[in-house]
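**Q** Dumping the structure here so I can ask a few things about it.
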Amino acid sequence: MTPAPIAVALDAPDLETAAQWAALVTPHVSTVKVGLELYLRYGPDVIASVRGASGVAVFLDLKLHDIPNTVAGASRAVARLRPSILTVHAAGGPAMIRAAVEAAPHTRIAAVTILTSLSESDLGRIGIAGPADDAVRRLSALSVEAGATALVCSPNEVSAVRAEVGDGITLITPGVRPKGTDAQDQMRVATPEQALADGADLLVIGRPITAAPDPGAAAAAIAASLRRAS
Ligand code: C5P
């Protein structure tokens, strides 16, 4: 059975837990996601630990944002770990995005458009005028022109972003909650089925899987419901 297009966010307190979650979910999902906290705490070894024997794809969510030369160096440093996806902030601009793309040719560079934690008033204060959706579309187009082949956006923006960039760009959406589960601190959520129907290619799902009594069973259940819906 093909694993479901889900990246399980391994937001674990320690490496052993992250590796254990990864082992439980990898029969059912395509990807596991390592974020800044785990990476900064344990360093590059975290990748081998979560990849384990399964060789599951690893999404390295470091959200790089610096001058192009520094981002090139950082991307080159982590490219050795062969992550399937590496994130950068679209707001770093086209030269920075291109620097990451060129420095990590075997990794898909995913540009993060606007953090979903920012309100419209926050955006105004940091100098991004107008509706968030406009900024998301503008940053999506700029990122793709600069060579990014993936974008991270909220499930609510995915259809507008798809219309902007067309097919062939991988759209990654967090804020995904299976029906009947708690939204927790996610403000704007969609079900996995809805996010895929709207054009997402990879769903980032954390706590609905990792906080379940049996993360393997939770991943299997979501994967099965996606197969039924497709
Ligand atoms: O547990 P949950 O499903 O909310 O986890 C979602 C994951 O996606 C977390 O690792 C979070 O940092 C990440 N993320 C997000 N919203 C964004 C970008 C990333 O929730 N806009």
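**Q** Which residue, of Thr191, Thr170, Thr181, Thr116, is touching a residue at least 60 places away in the same chain (Cβ under 8 Å), within 16 Å of the ligand (Cβ to nearest atom) and open to solvent by 40 Å² or more (accessible area, probe 1.4 Å)?
**A** Of Thr191, Thr170, Thr181, Thr116, the one residue that is touching a residue at least 60 places away in the same chain (Cβ under 8 Å), within 16 Å of the ligand (Cβ to nearest atom) and open to solvent by 40 Å² or more (accessible area, probe 1.4 Å) is Thr116.
**Q** A follow-up question, please. Starting from segment 27-44, keep only residues that are closer than 20 Å to Arg108 by Cα, then list their pairs with residues that are within 13 Å of the ligand (Cβ to nearest atom) and in a helix (DSSP H, G or I) whose Cβ atoms are within a distance under 6 Å, requiring at least 6 positions of separation or different chains.
**A** Cβ pairs passing all conditions: Val29/Ala219.
**Q** So, one more: If you scan segment 87-113, which residues turn out to be in a loop (DSSP other than H, G, I, E, B), crowded, with 20+ Cβ neighbours inside 10 Å and away from the ligand (no atom under 15 Å from the Cβ)?
**A** Once the filter is applied, which keeps residues that are in a loop (DSSP other than H, G, I, E, B), crowded, with 20+ Cβ neighbours inside 10 Å and away from the ligand (no atom under 15 Å from the Cβ), segment 87-113 yields Ala104, Thr107.
**Q** Please go through segment 207-217 and pick out each residue that is more than 11 Å from the ligand (Cβ to nearest atom) and open to solvent by less than 20 Å² (accessible area, probe 1.4 Å).
**A** Pro215, Gly216
**Q** Count, please, the residues in segment 67-86 that happen to be open to solvent by less than 70 Å² (accessible area, probe 1.4 Å) and in a loop (DSSP other than H, G, I, E, B).
**A** 3
The values are calculated or read from the model by the stated rules, or taken from the named source; none is laboratory data. In this text, all values refer to a predicted model and were calculated from it rather than measured experimentally. All Cβ positions, glycine included, derive from the backbone under ideal geometry; neighbour counts span all protein chains shown. Only protein heavy atoms, including side chains, enter the accessible area calculation; ligands, DNA and RNA are left aside. Shrake-Rupley method; radii C 1.70, N 1.55, O 1.52, S 1.80 Å.
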